[in-house]
Each structure stands twice: as structure tokens, then as C-alpha cells.
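The values are calculated or read from the model by the stated rules, or taken from the named source; none is laboratory data. Note that the structure is predicted; figures quoted are calculated from it, not measured. Cβ coordinates were reconstructed from backbone atoms using ideal geometry, including for glycine residues, and neighbour counts include every protein chain displayed. The protein model used for the area step is the full one, side chains on, heavy atoms only, and it has no ligands, DNA or RNA in it. Shrake-Rupley method; radii C 1.70, N 1.55, O 1.52, S 1.80 Å.
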Amino acid sequence: MITTPARVLEEAAALVAARQPFVLVTVVGRRAPSSGRTGGRAIVLPDGTVRGWIGGACAEPTVLAEARASLGSGETVLLRLGEGGPAPDMGEHVHHVAMACESDGALDILLEPVVPAVRLVVVGRSPAVDALAAMGAALGWDPVVVDEGGDPASHANPSIVRTKLDLDTVVTDPACAVVVATQGHYDDLALAAALATPAGYIGLVASARRAATVREHLRDDGHDDAALARIEAPAGIDLGSTEHVEVAASVIADLVRRRAAGELALDGGAAPAAPTMAIDPICGMTVDPAEAKYHSLHDGTDFWFCASGCKRAFDADPEAALAAS
């Protein structure tokens, strides 16, 4: 287990570098007694794995459920466990949950989902290539220029230029977009390399005539209709006869539209489904039945509890407890 906030941040940096989604959990306020500490941090992965320290048995199931929901929505959430002071102005993004009946403490926990930015991989050497990379950076995306055998110094930003057509090392997930703008030099080789990756978008900057020729070359090389259908050619929105920078703007506009429509996103189906949670009928806390230590069966229905006190209160008079809840 990661034991210090600094180690949590180191782990977060490693996950960002590996383009892995996660939720950064930070305790931003507390009222004693509480096992959580202000400044405490943890990471929650999509499968529910926790790295770091969130809090005790009462807090953790609710934090896990809320963290996974935050990752799904992409919204930063302030989770208030128990009755604390006035909440910051975060509108509907403040979620209040009652603390377990055996605890008098309270925690304010900030849930920050971290999802990999769109990685824009542009292949080639031209003013359009540098314009695409610059526009991608302005959008907060992660631009990479690939200029096979070229000189990085010939580009506007040499620090993001790779000189090998090994796209599989930079195109690692569906949140990557590949735009081939090689101006006829090695279009087919670049597209073949892109087709071997999980890129969520593959586009070719070319005239309609050259795009058709390149498709036929790829077909002759053994690429089937399903593979060729992944290629958008000509890439971008049709603006008519335009200059290099305008071509780049048309491609970026199309990519922005696709991202807003839910494309260029990581495949959420690869992560295990969120576990089915239960609600403690006494205190209202979220409880994971797979992890809960306290359980009662009443009239054929299962009930799970966050702590022994809740179970005892329920077992003493189940009907009254259910009526109250």
C-alpha cells in the first residue's frame, strides 16, 4: 500500500505517463474524531483498486462508489461525509452522505478524475503538420509529430518530433488520433503503421484522387474493407481549396466534433463493472456486500451494515428500523 501523499503523487504521475485513467482522492477537511487526515491522498483505479489511504471502514465504500461515478462523468466532486462546515460553491457537484451512526467525525473529500488527453499523432513534414501540432497543444491535447528520417530541427517544436515510424509505441489506446500528412512521400506506409494500432481515428490529408489511389495500394497489400473503413480520407471538413493552416484547422474541427460526440475515448468496457452496492438501513452509508463484515437476513431479504452498532440496532427491531429508513 502507498503510505504517504508524496508517494501517491508519484504513482499518479506514473499513471499519467502510462495514459491510465484514475481518480485522485484528497482529504481537504475533517472534523474529529475521524481516521482520515487533512491532506491525505489516495488513488482509485477504474476497477475499484485503492492505492493510498482514504479513511476507515465507514468512508471507503462510499468513496469508492463516488470515485467511480466521478470517473464515468468526468466531473470533479466534493464528497461530504457527515456534517461539516459550509460547503464550497461547487453547485451540484457537492455530494452529501451521512456518516455512520457510530462516528461523530466528518470528512470533506475531493474526487478529481484524471483521464488521458487526446493524443494527436501527426505524420509528415509540412506547414500543415506543425499547425496541427500547435492547434492540438492549444486544445490541451498531447501532440506528437512523426517525421520518418527527418530532422527535428526543421519543425516548429523539435521537442515533440520522432524520427521513426514506430507508431505502436505512441499510439497505445483509442484516445489517440493519427493524421497522415506526408504529402505523398510514404502515405501507404504511414497508414499501414496506423492501422496496426488501436487509434480511435486515422486520417489522411490528401486530395480525393490521391486518397483513392492510396486505398487501392493498401488493398493490394492485403488490407481488407474493415481496415480501410477506419481511414478518413480526405481528412477534415471539406472547406474547398485551402492553404496548409486552413487544412489543419479543418482537421482539428472534425476531431473536436468527434471527441465531443464521445469518440477518441478510452474503451470503458475494458474495465470490470462496478460492484453492486447496498445501503446500510440504519445510517445510510454505502456498503459493498462483497466486503461487508456485518449482515442480517430479514423476511428473506439481505441487509448489510457498515459497523456492528448498525447491525445490532437493526436486529433489535427490524420493522422499526425499516420504517425509519
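For Ala227 and Ala260 in the same chain, what is the full-extension length gain: residue separation times 0.36 nm, less their Cα-Cα distance, in nm?
9.5 nm
Send over the per residue convex hull volume for the chain, Cα only, as a whole number of Å³.
For the chain, the hull spanned by Cα atoms encloses 174 Å³ per residue.
Please give the solvent-accessible surface of His244 in Å², to the nearest 10, using a probe radius of 1.4 Å with every protein chain present.
Only protein atoms counted, so the area is about 80 Å².
To the nearest whole percent, what portion of all C-alpha pairs in the stretch 178-325 is separated by more than 24 angstrom?
56
Roughly how big is the stretch 99-253's charge dipole about its Cα centre, with Cβ charges of +1 (Lys, Arg) and -1 (Asp, Glu), in debye to the nearest 20?
540
Please give the solvent-accessible surface of Thr76 in Å², to the nearest 10, using a probe radius of 1.4 Å with every protein chain present.
60
Give me the number: length gained by fully extending Glu216 to Thr76, i.e. 0.36 nm times residue separation minus the C-alpha to C-alpha distance, one decimal in nm.
The Glu216-Thr76 span can extend by a further 45.7 nm.
Sort the following peptides by mean Cβ neighbour count (other Cβ atoms within 10 Å, averaged over residues), highest first: 225-236, 303-314.
Result, highest mean Cβ count within 10 Å first: 303-314, 225-236.
How big is D for the stretch 104-158, in µm² s⁻¹ as a whole number, if Stokes-Einstein is applied with the Kirkwood radius of its Cα pairs at 4 °C and 1.567 mPa s?
97
Within the accessible area of the stretch 186-303, what % is carbon and sulfur when the probe is 1.4 Å and the other protein chains stay in place?
The computed percentage sits at 52.
Could you give the radius of gyration (one decimal) and Dmax (whole number) of the Cα atoms in the stretch 140-254, in Å?
Considering the stretch 140-254 through its Cα atoms, Rg and Dmax are 13.8, 38 Å.
Taking only protein heavy atoms into account and a 1.4 Å probe, give the accessible area per residue of the stretch 137-266 in Å².
Per-residue accessible area for the stretch 137-266 comes out at 49 Å².
Along the charge dipole of the chain, which of Leu132, Met277, Gly222 sits closest to the positive end, that is, farthest toward it, with unit charges on the beta carbon of Lys, Arg, Asp and Glu (+1, +1, -1, -1)?
About the Cα centre, the residue reaching furthest to the positive side is Leu132.
Nearest 20 debye, what's the magnitude of the dipole of the stretch 140-190 about its Cα centre given +1 on Lys and Arg Cβ and -1 on Asp and Glu Cβ?
Roughly 140 debye, rounded to the nearest 20.
Leaving ligands, DNA and RNA out of it, rank Ile282, Ile252 by accessible area with a 1.4 Å probe, largest first.
Ile282, Ile252
Add -39500 (n - 2.57) for each DSSP H run of 4 or more in the chain, then divide by its residues: what number comes out at 222 nm, to the nearest 500 deg cm²/dmol?
That calculation yields -9000 deg cm²/dmol at 222 nm.
Which of Thr213, Ser154, His295 sits closest to the plus end of the dipole of the chain, meaning its Cα is farthest towards the positive end, when Lys and Arg get +1 and Asp and Glu get -1 on the C-beta?
After comparing all options, I get Ser154.
Quote the accessible area belonging to Thr38 in square angstrom, nearest 10, computed with a 1.4 Å probe and with ligands, DNA and RNA left uncounted.
Counting only protein heavy atoms, the figure is 90 Å².
Dipole magnitude of the chain about its Cα centre, charges +1 at Lys/Arg Cβ and -1 at Asp/Glu Cβ only, in debye to the nearest 20?
Using only the charged Cβ atoms, the result is roughly 620 debye.
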